[in-house]
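Below is one structure, written out as structure tokens; comments come after it.
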Amino acid sequence: MLVRNEGTAASIKWKSWRRARWGPITLGLASLAIAVPGGAAASVTASAVPVTHALPRSAVHADQTWSGYAVTGAGPYAKITGSWNVPAMNCSPGGGDASPWIGIDGWSNKTVEQIGIDLDCVNGKASYHPWVEMYPGPSDYFKDTVHAGDTLTASVSVSDGRWILTESDASTGWTKTFHRTPKNPPEQLSAEAILEDIGSGAAPPVPDFNAVTFSDITVDGVALASAGTPHQTSLQRGSTFLSQESPLSGGTFSITWLHR
């Protein structure tokens with residue numbers, strides 16, 4: 001099992017999480033804020049934490065920790081863009097960590113070029129932590145205020161071996177852009193929009209994120225559904241589905257939380 005380990009953020013009391021990723025199940029086509037249960041959401045910022053999102057695999061496993069859609073077969077993929085909402089978390093069922101992101105590679109190979117955000121429930125409170133990563137390198141977390149109800153817009157692109165990863169929140173007015181040049185050029189075999197279950201064990205607890213909608217996802221200028229062969233994947237623990245994905249319509253779909 002490949003894991004990522006997380007240190008303690010300077011501004012927040014964190015548990016030390018062992019985060020593991022198993023790969024998505026291929027089925028075919030078919031943030032931020034502290035939310036206090038019963039109260040208003042308050043903004044929070046995150047300090048940089050050395051974290052590595054572990055390697056995904058496209059094989060079928062009993063437990064699945066990817067929810068969303070990936071496309072393959074029309075690479076090399078050079079750019080993915082899109083948006084998703086920052087959900088109001090319900091932490092009363094218990095703790096957990098989910099992470100929506102977009103990226104290139106990772107469906108069936110050993111690199112992932114990705115940018116996204118962690119949605120954490122710890123001690124009954126929600127906190128949201130944006131990050132960027134060039135796996136197998138570590139995640140870089142960054143401090144920016146985001147509120148539940150905001151919309152994040154992101155892109156991952158490459159030109160002449162130079163990667164540009166951008167994430168922004170129009171509601172609070174920030175944009176972060178990262179430039180990366182990997183020593184070994186990625187293969188660019190897939191592109192995906194994913195909500196990932198992260199934590200200790202093969203299928204860790206999934207916090208109640210209500211619903212996340214990915215919208216206007218484009219890959220190399222065309223809608224995600226038309227950018228290759230689409231693959232749907234669901235969060236799953238044994239025979240129990242933990243998420244439900246709507247059909248992929250162009251570049252838009254929703255993921256609904258079902259079980260922790």
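If we scan the range 220-238, do we find a residue that is closer than 17 Å to residue 65 by Cα, part of a loop (DSSP other than H, G, I, E, B) and touching a Ser or Thr at 6+ places or on another chain (Cβ under 8 Å)? Yes: the range 220-238 contains one or more residues that are closer than 17 Å to residue 65 by Cα, part of a loop (DSSP other than H, G, I, E, B) and touching a Ser or Thr at 6+ places or on another chain (Cβ under 8 Å). Within the range 217-243, the set of residues being surrounded by fewer than 21 Cβ atoms within 10 Å (Cβ to Cβ) and either closer than 26 Å to residue 123 by Cα or out of contact with any strand residue (DSSP E or B) (no Cβ under 8 Å at 6 or more places or on another chain) (or both) comprises 222, 226, 237, 239, 240, 241.
Based on what the data block shows, is residue 205 over 20 Å from residue 140 (Cβ atoms) and either outside any strand (DSSP E or B) or modelled with pLDDT under 95 (or both)? Criteria met by residue 205. Tell me, please, whether a residue that is crowded, with 20+ Cβ neighbours inside 10 Å, in contact with a Gly (Cβ under 9 Å, 6 or more places away or on another chain) and under 25 Å from residue 188 (Cα atoms) can be found in the range 207-216. Yes. Residues in the range 94-140 that are out of contact with any Leu (no Cβ under 9 Å at 6 or more places or on another chain) and either modelled with pLDDT of 95 or more or crowded, with 22+ Cβ neighbours inside 10 Å (or both): 102, 120, 121, 131, 139. A residue that is assigned to a strand (DSSP E or B) and touching a His at 6+ places or on another chain (Cβ under 6 Å) cannot be found anywhere in the range 93-114. Comparison of 132, 158 shows that the only residue that is assigned to a strand (DSSP E or B), farther than 22 Å from residue 91 by Cβ, out of contact with any strand residue (DSSP E or B) (no Cβ under 6 Å at 6 or more places or on another chain) and of a type in the set (A, V, I, L, M) is 158.
The values are calculated or read from the model by the stated rules, or taken from the named source; none is laboratory data. This one's a predicted model, so the numbers in the text were calculated from it and none came from an experiment. Methodologically, a virtual Cβ is constructed for each residue, glycine included, from the backbone with ideal geometry; neighbour enumeration extends over all protein chains shown.
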